[in-house]
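Just so it is clear, none of the values below were taken in a lab; they were calculated from the coordinates. Keep in mind that this is a model prediction, so the values were computed, not measured. Neighbour counts run over all protein chains shown; Cβ positions are idealised from the backbone, glycine included.
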Amino acid sequence: MTNPTDRHTPRAVRMSMPLARDVVEAIAVQNGVCIRPVPLRRVDTATGVSEVIDVPCGATLEAKCPSCAKRNRHLRVAQCREGWHLEHEPAITPGPADDYQTHLVEQRASFQTERDRAASAGQDVTDIDLAIDELDEEINQAGLRGSVVGRSTPKRSRSTRRRQDAPDLPRRTMAKTTLGRVFHSSDGKSFRPSMFLTLTLPSYGKIRDGVPVDPDRYDYASAARDALHFSKLVDRFVQNLRRVAGFDVQYFATVEPQKRLAPHLHMAIRGTLPRAELRQVVAATYHQVWWPRQDTVRFDGEHLPVWADGVGYFDPATGEVLPTWDEALDQFANDQDAEPVHVARFGVQTDIQGVLAGTKDADQCIGYLSKYLTKSLGQSMDGAGDAQHLHAERLMNALRWEPCSAACANWLRYGVQPKNAKPGLIPGRCRGKAHSPEHLGYAGRRVLVSRKWSNKTLTEHKQDRRTWVLQALGIADEPIDPHRYTWSPIPAGDANLTPIGVRLLRAVHERQRWRNHMTQLQAQADGQDLSAIGEEAA
Ligand SMILES: [Zn+2]
Ligand SMILES: [Zn+2]
């Protein structure tokens, strides 16, 4: 524990010792300091110095605290702006790994060691495989491309798997460009127009002020399934769009909640297509869900499947072992009359705008794109009335029994063992994000950016801002040798770790010092506005 009378404790910290945790957090948020930092031990291999570094939660791109959410939103706006109207093909060169990326890769390596050890000891590796998948996803999101150590488990190849039917769309030969067409006006000016698109899901019943007029006739089941499969539908749309456009279309898109609580998509597209063609692509796009049937509830209430090691889930009344996930898929793969359990499509409300670089329209669209990024889908409910809360509750009930993925516990309800089945699964109690009130069925990423948009990851945009500020300060931004530091997690409840409240107040103190410094510099720098950017570099 930090002693309040210890003179080495910064004054700001000593003064604030009696403050309650939530007050400290409020102060931290006011100052843009991360309140859910991840402490990591960093050892400098050159000097042997070991210290604890608080990595902001926002470094994982899934910001969990308001400060990081706000900062990431600023970075997203910068990223969106930078890629939208590019005039030159972005160069593809991988940059050096940063500290956080290095840490992730090292953690990945230790997970792999752990997995190999467990596997050779004949232990169950399901959980660790899931952890590895999650970590791989995070590594990719942190801007490292490709797989780090290759897959730990070979994917089952399924020659009989149902293919998506190809939509009826014109197909152009692909040009090797990510830029749109240039148009020339009679007075010699050239324009490279871009587009802004809003896609919504279909109607599930008449809506007034964000709530169904007749809740009993509102199609909650379809609303739930469409939300669950929305990210797949968006993937299909991009594939179809590229096929029709005939160039490597780049986009920056965000998924946001409508008032009726259905997800919808705002998408900035670099380059243009004729509106009629774009409408044709939207109308022809669909996603078929080839999952086992869910129309018969086989297990409910007290009558639930029971797990036995080496056997899997079986019906306690009859002793019948339920088909495994792969067996269930094989069953209908051989059935010529099988139909998809669900087909997701967009609704008819599509909005298409042409946008020119640097115009007021472009700024307004970027505003739409980033409007709700600091909130979860469910949080758009803040301040909503009783009728809307009731509406959310009904949607949650529908989502409760829908399988959110192949591994969802809800499959047991329909008499199928979920993929990677393990003991303790209870239908209706899946812990997948999609079932939660924050996500309302959509558990995918909120920001979707194609790889050659600005050709920079969020981490690289962050680095840009830092470099800019350091240059303004006249400090050289020396590249850090990625192998100089080793990072390791600090176990939860480590007695040597300074309490979070004290760490937060120290960070606030640092931030304030930095800000004062920036203010002084700004006065000297003849009114150059550094304040907004100082936040990012501190
Ligand atoms: Zn944070
Ligand atoms: Zn689930």
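At an R0 of 22 angstrom, the distance between the Cβ atoms of ASN397 and VAL341 translates into a FRET efficiency of 0.70. Per-residue 3J(HN,Hα) values for region 347-352, derived from phi via the Karplus relation 6.51 cos²θ - 1.76 cosθ + 1.60 with θ = phi - 60°, read x, 7, 7, 10, 10, 10 Hz in sequence order (x marks Gly and Pro). Seen through its C-alpha gyration tensor, with square-root eigenvalues sorted a ≥ b ≥ c, region 177-333 comes out prolate because a/c lies at 1.5 or above while a/b is bigger than b/c. Each residue, LYS422 and ASP219, gets one label point 7 Å from its Cα in the Cβ direction; the gap between the two is 3.7 nm.
Rounded to the nearest 0.05, the FRET efficiency derived from the C-beta distance between GLU438 and ASP351 at R0 = 41 Å is 0.95. Each label was represented as a point 7 Å from its Cα along the Cα-to-Cβ direction; for PHE191 and GLN364 these points are 1.6 nm apart.
Any chance you could run the full-extension gain for SER488 through ARG117? It's 0.36 nm times the residue separation minus the Cα-Cα distance, nm to one decimal. Don't skip to the answer; put the middle values down first.
Values: separation 371, 0.36 × 371 = 133.56 nm, distance 1.97 nm.
Stretched fully, the SER488-ARG117 segment lengthens by 131.6 nm.
Restricted to Cα atoms, region 324-405 shows a radius of gyration and a Dmax of 20.7, 56 angstrom.
Scalar couplings 3J(HN,Hα) for region 47-58, obtained by applying the Karplus form with A = 6.51, B = -1.76, C = 1.60 to θ = phi - 60°, are 10, x, 5, 10, 8, 9, 10, 8, 7, x, 4, x Hz; x denotes Gly and Pro.
Find the relative contact order for region 215-288 and round it to a whole percent, using C-alpha pairs within less than 8 Å whose residues are 6+ positions apart. 35 percent.
When the chain is fully extended, how far beyond the present Cα-Cα distance does GLN524 get from SER405, taking 0.36 nm per residue of separation? Full extension of this stretch gives 37.1 nm more. The trypsin sites (Lys or Arg not before Pro) found in region 359-435 that occupy coil by DSSP, while having at most 14 further C-beta atoms within 10 Å, are LYS371, ARG429, ARG431.
Taking 7 Å steps out from each Cα toward its Cβ at ARG279 and THR198 produces label points 1.7 nm apart.
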